[in-house]
């Protein structure tokens with residue numbers, strides 16, 4: 001049984017934003033290395049969870065994959081097509097294959113357009129759909145995301161956050177994408193609604209064979225929906241592996257700390273577990289430390305950690321990868 | 001079990017059609033008593049003034065018909081607001097002048113609107129160096145003393161009503177440009193615009209379907225608030241003798257004439273002043289009301 | 001005597017579109033040194049409850065429609081402004097979700113830190129500054145001397161929150177109200193801040209009211225938990241009891257829909273439907289439309305919080321009448 005082909009390949013992407021100051025002649029003050037060397041492959045139909053805290057670059061990576069932001073180095077290849085080489089109309093037309101669901105359901109829908117108009121516009125962006133067919137197709141789409149067809153004559157502000165997010169998902173699906181990037185899609189929603197949207201995304205992905213890149217800062221959400229998890233820190237991936245394994249037996253010190261910091265809604269377990277408290281604050285990508293980006297806060301750091309930048313390497317024979325010089329020692333091998 | 005359609009008892013049956021932003025805004029405006037008052041007053045005044053402007057003889061007296069034998073008389077049954085030193089009916093002059101003042105107000109506002117929106121939109125969309133250069137030019141122009149500029153224009157090109165529109169409009173566009181540019185930049189950054197890009201929509205469609213409709217709110221508000229400013233400017237110029245010339249009247253002219261004789265014939269100042277103040281208040285109430293109505297309410301739940 | 005006794009607090013907002021009853025008939029007690037967690041989603045009224053106690057609800061459009069909040073022997077809802085100002089900031093302190101908007105961007109941190117001391121304790125500036133330095137140290141801010149002269153925007157989110165905690169605790173209050181103090185922070189920083197609050201609490205022996213939407217945070221931190229929905233208290237119990245002997249379907253639903261506790265692979269449990277519209281309240285139990293256990297009287301009878309076993313209150317009509325197990 002041969003492995004499913006690589007559907008999406010992210011090759012050594014670096015997205016840097018220069019920080020400039022000045023009137024007519026700009027002075028370069030520094031560079032924000034939002035994404036600093038990320039390589040990932042996704043199989044078709046896979047759900048990859050991308051987690052990390054603020055400033056780690058996960059949102060920028062998502063936007064780079066979707067060509068909403070241009071990387072300064074590296075390539076993104078989707079089904080053999082080099083997306084980073086596309087420009088202008090070719091890029092615009094290619095967009096139907098990859099879409100995004102944004103974080104803020106209150107800002108990602110045009111408040112002046114009805115749901116019908118929003119969805120119709122999306123449907124007709126790449127495909128000439130005859131007028132008469134539109135209502136039928138839109139109704140089907142609304143039903144697919146769990147909304148009543150009556151919704152189409154309403155405006156975004158008449159819906160709750162969870163419902164708006166469903167509309168945003170419908171819009172993304174309207175163009176018929178194969179890859180969906182969800183950037184913190186449930187972070188702005190109430191807990192009881194989050195579960196609804198997560199279920200929806202998982203179901204749609206399965207039913208439609210979508211490949212989903214799910215970006216979140218919330219590991220517990222990601223654990224549930226993702227096949228694999230990639231943990232990001234300061235623009236780099238520090239750990240990658242099957243979701244359950246990454247959560248139950250994290251390899252990288254940062255992942256360990258991240259997991260131990262998540263509150264468990266179970267008083268007895270919460271009281272028993274040992275917390276790893278990271279000193280200091282998440283660093284700013286403007287001034288990254290030398291060597292391993294995590295070493296200033298790492299409990300296991302030694303001298304060479306400040307000098308060598310660890311590469312993301314396979315751990316033993318498994319599918320797991322970690323970027324830590326001491327990964328074997330720390331995990332008792 | 002993913003039931004997300006609102007269970008009927010939770011969301012009481014809503015009407016089939018949605019309420020658009022404009023319908024909501026109209027409703028909010030209607031509830032604002034001051035704004036409605038302003039709107040009503042303005043409508044009545046405007047109707048009277050324009051009617052008199054177009055048909056100067058409508059009340060039986062025109063703005064220029066003199067009655068030297070009569071001279072200045074206080075309000076009476078024949079002349080409801082009295083007459084001036086040359087026996088001209090004040091009411092007729094007031095309404096006719098109102099027509100001119102309002103006309104100047106509207107036209108100059110339109111001129112400033114056109115220039116300001118185009119300029120501001122270009123700067124806002126272009127961003128970067130072009131935007132910076134354009135805005136610095138606006139800053140420089142702001143520093144020029146308006147009054148002197150207009151006086152120079154009037155002196156060089158003669159006194160002409162059209163020129164008056166242009167002169168005033170040419171000064172008022174600056175603020176409109178700033179407002180439009182700011183609004184364009186703010187809207188450009190909104191997530192739904194980014195979403196439109198992500199969908200692969202054409203640039204033109206994004207601009208006209210997504211960005212422009214979201215600009216209209218502040219533009220309407222500011223335009224409504226520009227009209228009273230222009231009327232004031234015009235009256236200031238006329239007061240200086242630079243704007244509208246007698247025998248044509250505008251409120252500025254009337255106030256000037258009234259001020260000159262206010263001790264002896266106070267009604268010649270009181271009525272024009274009162275009517276102008278009423279108009280300016282009404283416009284301001286309306287403008288404020290529009291601003292409140294069009295203010296995108298944070299519709300977060 | 002309990003430190004704080006809230007009885008039948010009701011707060012409503014009279015808006016152009018109608019009356020929003022943000023808090024209805026909320027009662028609870030807090031002992032010295034105790035930690036109470038108030039849990040709820042948006043619109044539950046958890047924040048408005050705290051704001052009402054502190055007198056921070058703008059009146060109009062808000063109005064305290066009834067109830068008492070006895071702090072010691074003073075009713076915070078009925079006392080004079082002067083009395084309230086003597087207590088606020090000194091004996092009861094509050095910290096908010098977004099430290100950036102709660103700190104004055106125009107004043108240096110040092111100024112803001114010593115302000116409560118200067119107002120409430122009337123000590124000279126030098127003494128106040130010494131205490132401010134000590135406080136920053138306690139709060140885990142290094143280079144305190146240097147930081148005193150900095151402005152809020154020069155700090156990171158986590159540090160700003162620490163500064164806010166320092167400011168709130170510098171007068172050694174009896175009660176700290178923390179309104180979603182970690183929601184805007186990264187999870188590793190969140191852990192630090194919660195540890196800090198715990199540490200300060202044990203040092204000062206003060207009571208804490210922690211408002212959050214996160215049951216996880218509350219489970220590790222609080223002695224008692226109160227669950228709110230649509231402005232009302234649905235369940236109130238000791239933390240262990242709330243989690244292991246749940247007596248309200250909403251609490252159960254909330255716990256069930258937390259991804260962290262669920263097995264991977266299956267669909268997540270959800271609470272069906274949408275939160276209620278505060279402007280159109282329905283009769284009966286506000287949770288009834290979404291409750292899997294609801295029967296007809298649930299939508300008809302008004303709910304009341306009743307202690308079924310002592311110290312464990314529930315507002316579920318079916319639990320009260322039929323001893324339903326949720």
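Coordinate-derived values only; no laboratory data. Keep in mind the model is a prediction, meaning the values are calculated, not measured. Every residue, glycine among them, receives a Cβ derived from its backbone with ideal geometry; neighbour counts consider all protein chains shown.
Please report the projected area of the range B:190-301's Cα convex hull averaged over all directions, in nm².
Numbers: hull surface 43.5 nm².
With every direction weighted equally, the projected area is 10.9 nm².
How shielded is C:209-221 by partner chains, expressed as the average number of their Cβ atoms within 10 Å of its Cβ atoms?
Counting Cβ atoms of other protein chains within 10 Å of each residue's Cβ and averaging gives 4.
In the protein assembly as shown, what percentage of the DSSP-assigned beta bridges are antiparallel, given to the nearest 5?
Roughly 60 percent of the DSSP beta bridges within the protein assembly as shown come out antiparallel.
I want the antiparallel fraction of DSSP beta bridges within the range C:4-229, as a percent rounded to 5.
50 percent
At a threshold of 8 angstrom on Cα-Cα distance, excluding pairs fewer than six apart, so keeping six or more, what relative contact order does chain C reach in percent?
Over chain C, the number comes to 20 percent.
Tell me, A:21, C:247 in order of fewest to most beta-carbon neighbours within 10 Å?
A:21, C:247
Using only the alpha-carbon atoms, how far is helix C:109-120 inclined from the longest principal axis of chain C? Give it as 0 to 90 degrees, nearest 10.
On a 0 to 90 degree scale, this one is about 80.
Can you work out D for the range C:4-229 in µm² s⁻¹ from Stokes-Einstein, where Rh is the Kirkwood radius over C-alpha pairs, the temperature is 4 °C and the viscosity is 1.567 mPa s?
Diffusion coefficient, whole number: 72 µm²/s.
Between residue B:40 and residue A:86, what FRET efficiency comes out of the Förster formula 1/(1 + (r/R0)^6) with R0 = 60 Å and r the beta carbon distance, rounded to 0.05? Can you show the working numbers first?
Details: r = 58 Å, r/R0 = 0.97.
For R0 = 60 Å, the calculated efficiency reads 0.55.
Using only Cα atoms, find the angle between the long axis of helix B:267-294 and the longest principal axis of chain B, and express it within 0 to 90 degrees, rounded to the nearest 10.
Value to nearest ten degrees: 0.
In whole angstrom, how long is each semi-axis of the equivalent ellipsoid of chain B, when you take the square root of 5 times every eigenvalue of its Cα gyration tensor and sort them from largest down?
Output for chain B: semi-axes of 46, 27, 13 Å.
Over all residues in A:197-210, what is the mean tally of Cβ atoms on other chains that come within 10 Å of each residue's Cβ?
Going residue by residue through A:197-210 and averaging, the value is 2.
Run lengths n ≥ 4 of DSSP H only: what is the helix-derived mean residue ellipticity at 222 nm for the protein assembly as shown, with -39500 (n - 2.57) per run over all residues, to the nearest 500?
About -13000 deg cm²/dmol.
Enter the mean number of other protein chain beta carbons within 10 Å of the beta carbon of each residue in C:290-296, as an integer.
Per residue, the average neighbour count from other chains is 1.
Where Rh denotes the Kirkwood radius from the mean inverse Cα pair distance, what is Rg over Rh for the range B:206-250?
With Rg and the Kirkwood Rh in hand, the quotient comes to 1.34.
Could you work out how far helix C:157-169 tilts from the main Cα principal axis of chain C, as a 0 to 90 degree angle to the nearest 10?
Roughly 80 degrees between the two axes.
Once you have a ≥ b ≥ c as the square roots of the Cα gyration tensor eigenvalues for the range C:224-297, tell me rounded if a/c is under 1.5, and otherwise prolate or oblate according to whether a/b is larger than b/c. Walk me through the intermediate numbers first.
On the way: a/c = 2.00, a/b = 1.27, b/c = 1.57.
Cα axes put the range C:224-297 in the oblate bin.
Taking Cα pairs under 8 Å and at least six residues apart, what relative contact order does chain A come out at, in percent?
Taking the mean separation of contacting Cα pairs over the length of chain A, I get 20 percent.
Translational diffusion coefficient, Stokes-Einstein: compute it for the protein assembly as shown using the Kirkwood radius over C-alpha pairs as Rh, at 25 °C and 0.890 mPa s, and state it as an integer in µm² s⁻¹.
The diffusion coefficient I find is 76 µm²/s.
Given the range C:1-123, report the % of alpha carbon pairs whose separation exceeds 25 Å.
32 percent
Within a 10 angstrom radius of the beta carbon, how do C:81, C:63 rank from fewest other beta carbons to most?
C:81, C:63
Determine, from the Cβ-Cβ distance of residue A:41 and residue B:212 and an R0 of 45 Å, the FRET efficiency 1/(1 + (r/R0)^6), rounded to the nearest 0.05.
So the FRET efficiency works out to roughly 0.60.
Which peptide among C:123-129, B:178-184 comes first, and what is the full order, when sorted by highest mean count of other Cβ atoms within 10 Å?
Highest-to-lowest ranking by the protection proxy: B:178-184, C:123-129.
Is the shape of the range C:171-299 best called rounded, prolate or oblate, per the rule: a/c under 1.5 gives rounded, else a/b larger than b/c gives prolate, else oblate, with a ≥ b ≥ c the square roots of the Cα gyration tensor eigenvalues? Provide the component values of the computation, followed by the final result.
Working: a/c = 2.17, a/b = 1.61, b/c = 1.34.
Since a/c reaches 1.5 and a/b is larger than b/c, the shape of the range C:171-299 is classed as prolate.
Counting each pair of different Cα atoms once, what's the Kirkwood radius of the range A:6-255 in Å, rounded to one decimal? Spell out each step's value before the answer.
Numbers: mean 1/r = 0.0526 Å⁻¹.
Taking every pair of different Cα atoms in the range A:6-255, averaging 1/r and inverting gives 19.0 Å.
Order these by the 10 Å Cβ neighbour count, fewest first: C:71, B:192.
Going from sparsest to densest Cβ surroundings: C:71, B:192.
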